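Presented below is the structure to which this report refers.
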Amino acid sequence: MKALVIIDVQNDFLINGSLEVPDGNDVIEPINEIIKNYALVVATKDWHPLDHV
């Protein structure tokens, strides 16, 4: 079985996010296409307390 692991694709790193990455939204469409090829998809999410940054 193949698995797809999606790491840290979350609103904070996208356009207008609190830790915006330039061109961060460019990953959304390719991920939405690739994800169709996998039965098992695991997504991780970065998290820090409010006073971290």
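Which residue is modelled with the lowest pLDDT, if the candidates are limited to segment 40-53 and must be hydrophobic (A, V, I, L, M, F, W, C) and part of a loop (DSSP other than H, G, I, E, B)?
Within segment 40-53, the subset hydrophobic (A, V, I, L, M, F, W, C) is 40-43, 47, 50, 53.
So of that shortlist, the ones also part of a loop (DSSP other than H, G, I, E, B) come out as 47, 50, 53.
Values: Trp47: 81, Leu50: 82, Val53: 67.
Of everything passing the filter in segment 40-53, Val53 is modelled with the lowest pLDDT.
Among the residues in segment 26-49, are any over 12 Å from the mean Cα position of the chain (by Cα) and on the phi > 0 side of the Ramachandran plot?
no
Considering only segment 30-39, I want to know if a residue exists there that is in a loop (DSSP other than H, G, I, E, B), in contact with a Leu (Cβ under 6 Å, 6 or more places away or on another chain) and modelled with pLDDT of 95 or more. Before you say what the answer is, go through the steps one by one.
Taking segment 30-39 as the starting set, the residues that turn out to be in a loop (DSSP other than H, G, I, E, B) are 38-39.
Filter again for in contact with a Leu (Cβ under 6 Å, 6 or more places away or on another chain), leaving 38.
Now restrict to residues that are modelled with pLDDT of 95 or more: 38.
Within segment 30-39, one or more residues are in a loop (DSSP other than H, G, I, E, B), in contact with a Leu (Cβ under 6 Å, 6 or more places away or on another chain) and modelled with pLDDT of 95 or more.
Which pairs turn up if I take residues in segment 9-25 that are in a helix (DSSP H, G or I) and look for partners that are exposed (fewer than 15 other Cβ atoms within 10 Å of the Cβ) and of a type in the set (S, T, N, Q) with beta carbon separation below 6 Å, at least 6 apart in sequence or on another chain?
Asp12/Ser18
The values are calculated or read from the model by the stated rules, or taken from the named source; none is laboratory data. Note that the structure is predicted; figures quoted are calculated from it, not measured. Quick reminder, even Gly has a Cβ in these numbers, built from the backbone with ideal geometry, and neighbours come from all protein chains shown.
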